[in-house]
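**Q** Below you will find the structure I want to go over with you.
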Amino acid sequence: MQVRSAVLREIGATTPYEESQPIHIETLELDSPEKGEVLIQIKAASLCHSDLSVMNGSRPRPLPMALGHEAAGVIIEVGEGVTDLEPGDHIACVFVPSCGQCGPCREGRPALCEPGAASNTAGTLLGGGNRLHTETEIVNHHVGVSAFSEYAVVSRNSVVKVNKDIPFEKAALFGCAVITGVGAVVNTAGIKLGSTVAVVGLGGVGLSALLGAIAAGASRIVAVDINENKLKQAKELGATDVFNSKDPDVVEQIRKATGGGLDYAFETAGVVPAMEVAYAVTKRGGTTVTTGLPHPEHQFSFPYLSLTAEERTIKGSYLGSCVPSRDIPRYMNLFQEDRLPVDKLITDFITLEEVNKGFDILAKGDSSRIIIKF
Ligand SMILES: NC(=O)c1ccc[n+]([C@@H]2O[C@H](COP(=O)([O-])OP(=O)(O)OC[C@H]3O[C@@H](n4cnc5c(N)ncnc54)[C@H](O)[C@@H]3O)[C@@H](O)[C@H]2O)c1
Ligand SMILES: [Zn+2]
Ligand SMILES: [Zn+2]
């Protein structure tokens, strides 16, 4: 079938993208689902920094690539062997397909699925190969999803069935921003009731972490960004303190205000200066968790002695250390009970044709989540 898709044709284009237009809206051929795959109609997709990182070269990926991964939609057709989903089911997409067979999958850590990581890096589906192409070339899939498209064929293991009561634009957030941010707090860190928390970087992931920390009973939540609008939004969502990390003495300010730092600090910006602040505001005996996906060559250094003498911990958190089929329904239940109001993250709606402009807005840090509705 033919689909309209947002295809990235240039990495490192000049900004604003609205002028350089590195993403083209093209009509592509989408093949039928193969064994273990499903055809989905995308109803809503949001712009995530990980898409932007492919555009600006921070996350090198093969081109051309059909972007987008944070999305929700409807099952249209199931491929051979898919017995637990049927046409009409609503789904949210997940950006790591998990095979269920490899070492990490058997350990209960599907976020680290080895074939999933390999296919994501290669720009293929989990089962291998591509279902998107033009007459002359293959188009790569973004993290097994490629959601800025009217329809997509994905591995069955790239989707989680969701409750039909949840509007698509809200369900879309759960497969990336929400599981990453909330999961970092409750799975990777496993914060305790009354823990003190800092969140450095208040985009879709960071604000989800903030809401997760509130839901999990954090007593104090320090929110940090370089954008004043984000600090205002964080305050409205329940941050107890906000700080602008453009201030050269932000670390001293936070350590003073919190009596020596926080039990847990989450880095959710994906840049080294944010990680430096997160580490520096973690208190003695505390844990720094990073969800950021910086350029692979960027290095983070810290005072070696502090790790030992202060019994500090640094943890990486990918996909919120989640089991998506377990955690997405859990977080959605909390959302429906108004205990995880992640819909407040949605700041803008755009059309597929406006996707380049949407990434300009995201890059400026002025929005939390921008949704394309189909
Ligand atoms: N670990 C995972 O599984 C996972 C999943 C999704 C996204 N990510 C990554 O998480 C990061 C955040 O993603 P997002 O979509 O929420 O991004 P976003 O663009 O929506 O938000 C990033 C925020 O960080 C702020 N920021 C930038 N520099 C800062 C600094 N020095 N100090 C404090 N704040 C700063 C920006 O102003 C912005 O508000 C990205 O690196 C993304 O690739 C990781
Ligand atoms: Zn994402
Ligand atoms: Zn696996």
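**Q** With the condition kept exactly as written, say whether any residue in region 80-96 is out of contact with any strand residue (DSSP E or B) (no Cβ under 9 Å at 6 or more places or on another chain), within 16 Å of ligand 2 (Cβ to nearest atom), closer than 25 Å to residue 29 by Cα and not acidic (Asp, Glu).
**A** Scanning region 80-96, I find at least one residue that is out of contact with any strand residue (DSSP E or B) (no Cβ under 9 Å at 6 or more places or on another chain), within 16 Å of ligand 2 (Cβ to nearest atom), closer than 25 Å to residue 29 by Cα and not acidic (Asp, Glu), so the answer is yes.
**Q** Output the residues belonging to region 202-238 that are within 13 Å of ligand 1 (Cβ to nearest atom) and free of Cβ contacts under 8 Å to residues at least 60 places away in the same chain.
**A** Once the filter is applied, which keeps residues that are within 13 Å of ligand 1 (Cβ to nearest atom) and free of Cβ contacts under 8 Å to residues at least 60 places away in the same chain, region 202-238 yields 210, 222, 223, 224, 228, 231, 232, 234.
**Q** Hey, any hits in region 170-182 for a residue that's closer than 15 Å to residue 343 by Cα and away from ligand 1 (no atom under 14 Å from the Cβ)?
**A** Scanning region 170-182 turns up at least one residue that is closer than 15 Å to residue 343 by Cα and away from ligand 1 (no atom under 14 Å from the Cβ).
**Q** Hey, another quick one. Might you check whether a residue that is β-branched (Val, Ile, Thr) and within 13 Å of ligand 1 (Cβ to nearest atom) occurs anywhere in region 41-63?
**A** Yes, because at least one residue in region 41-63 is β-branched (Val, Ile, Thr) and within 13 Å of ligand 1 (Cβ to nearest atom).
**Q** Which condition number does residue 364 fail, the rest of (1) at pLDDT below 95; (2) within 23 Å of residue 189 (Cβ to Cβ) being met?
**A** Of everything listed in (1) at pLDDT below 95; (2) within 23 Å of residue 189 (Cβ to Cβ), residue 364 misses just condition (2).
**Q** Inside region 133-142, can you point out the residues that are in contact with a strand residue (DSSP E or B) (Cβ under 9 Å, 6 or more places away or on another chain) and either more than 19 Å from residue 175 (Cβ to Cβ) or assigned to a loop (DSSP other than H, G, I, E, B) (or both)? Quick ask: steps written out before the conclusion?
**A** In the first step, residues of region 133-142 are kept if they are in contact with a strand residue (DSSP E or B) (Cβ under 9 Å, 6 or more places away or on another chain); the result is 133-135, 138-142.
Correct list: 133, 134, 135, 138, 139, 140, 142.
**Q** Now a separate question. Among the residues of region 107-136, what is the count of those that are of a type in the set (Ser, Thr, Tyr) and touching a residue at least 40 places away in the same chain (Cβ under 8 Å)? Lay out the reasoning, then the answer.
**A** Start the filter on region 107-136 by keeping residues that are of a type in the set (Ser, Thr, Tyr), which leaves 119, 121, 124, 134, 136.
With touching a residue at least 40 places away in the same chain (Cβ under 8 Å) added as a condition, the list becomes 121, 134.
Selection size over region 107-136: 2.
**Q** Quick check on my filter: what residues within region 89-144 are hydroxyl-bearing (Ser, Thr, Tyr), over 20 Å from residue 54 (Cα atoms) and surrounded by fewer than 24 Cβ atoms within 10 Å (Cβ to Cβ)?
**A** Keep residues of region 89-144 that are hydroxyl-bearing (Ser, Thr, Tyr), which gives 98, 119, 121, 124, 134, 136.
Remaining after also requiring over 20 Å from residue 54 (Cα atoms): 98, 134, 136.
Listed by number, the residues that qualify are 134, 136.
**Q** Let me ask another. Among all residue pairs at least 6 apart or on different chains, which show Cβ distances below 8 Å where the first residue, located in region 361-374, is at positive phi and the second is surrounded by 19 or more Cβ atoms within 10 Å (Cβ to Cβ) and of a type in the set (Asp, Glu)?
**A** Qualifying pairs under 8 Å: 365/225.
**Q** Further question: Regarding residue 197, is this residue at negative phi and within 16 Å of ligand 2 (Cβ to nearest atom)? Let's see the steps before the verdict.
**A** Working: at negative phi: yes; within 16 Å of ligand 2 (Cβ to nearest atom): no.
In short, no.
**Q** When both residues are 6+ apart or on different chains and their Cβ atoms are under 9 Å apart, which pairs have a first residue that lies in region 61-83 and is without any contact (Cβ under 8 Å) to a residue 24 or more places away in the chain, and a second that is of a type in the set (A, V, I, L, M)?
**A** none
**Q** Separate question: Would you pick out the residues in region 1-26 that are surrounded by fewer than 18 Cβ atoms within 10 Å (Cβ to Cβ), among the polar types (S, T, N, Q) and under 27 Å from residue 80 (Cβ atoms)?
**A** If we filter region 1-26 for residues that are surrounded by fewer than 18 Cβ atoms within 10 Å (Cβ to Cβ), which is where we start, we get 1-2, 4, 9-12, 14-16, 18-21, 24-26.
So of that shortlist, the ones also among the polar types (S, T, N, Q) come out as 2, 14-15, 20-21.
Matches in region 1-26: 2 only.
**Q** Suppose the filter is surrounded by fewer than 17 Cβ atoms within 10 Å (Cβ to Cβ), of a type outside the set (S, T, N, Q) and closer than 14 Å to residue 155 by Cα; does residue 80 pass it?
**A** yes
**Q** So which of 174, 168 is at pLDDT 95 or above and in contact with a helix residue (DSSP H, G or I) (Cβ under 8 Å, 6 or more places away or on another chain)? Show your work before the answer.
**A** On the way: 168 fails: in contact with a helix residue (DSSP H, G or I) (Cβ under 8 Å, 6 or more places away or on another chain).
Matching residue, one of 174, 168: 174.
**Q** Further question on the same structure: Residues being closer than 25 Å to residue 33 by Cβ and among the acidic types (Asp, Glu): count how many of those fall in region 159-216.
**A** Of the residues in region 159-216, 1 are closer than 25 Å to residue 33 by Cβ and among the acidic types (Asp, Glu).
**Q** Turning to a different aspect of this structure: Looking at region 119-132 only, could you name the residues that are part of a helix (DSSP H, G or I) and within 14 Å of residue 99 (Cβ to Cβ)? Outline the logic, then answer.
**A** The initial filter retains those residues of region 119-132 that are part of a helix (DSSP H, G or I), namely 119-122.
Answer for region 119-132, where residues must be part of a helix (DSSP H, G or I) and within 14 Å of residue 99 (Cβ to Cβ): 119, 120.
**Q** Only one of 71, 6 is of a type in the set (A, V, I, L, M, F, W, C) and touching a Cys at 6+ places or on another chain (Cβ under 8 Å). Can you tell me which? Can you show your working first?
**A** Values: 6 fails: touching a Cys at 6+ places or on another chain (Cβ under 8 Å).
So the residue among 71, 6 that is of a type in the set (A, V, I, L, M, F, W, C) and touching a Cys at 6+ places or on another chain (Cβ under 8 Å) is 71.
**Q** Just one of (1) out of contact with any strand residue (DSSP E or B) (no Cβ under 8 Å at 6 or more places or on another chain); (2) modelled with pLDDT under 95 trips up residue 344, so point out which.
**A** For residue 344, the exception is condition (2).
The values are calculated or read from the model by the stated rules, or taken from the named source; none is laboratory data. The model shown is predicted, which means the values in this text are computed figures rather than measured ones. Cβ atoms come from the backbone with ideal geometry, glycine included; neighbour counts cover every protein chain shown.
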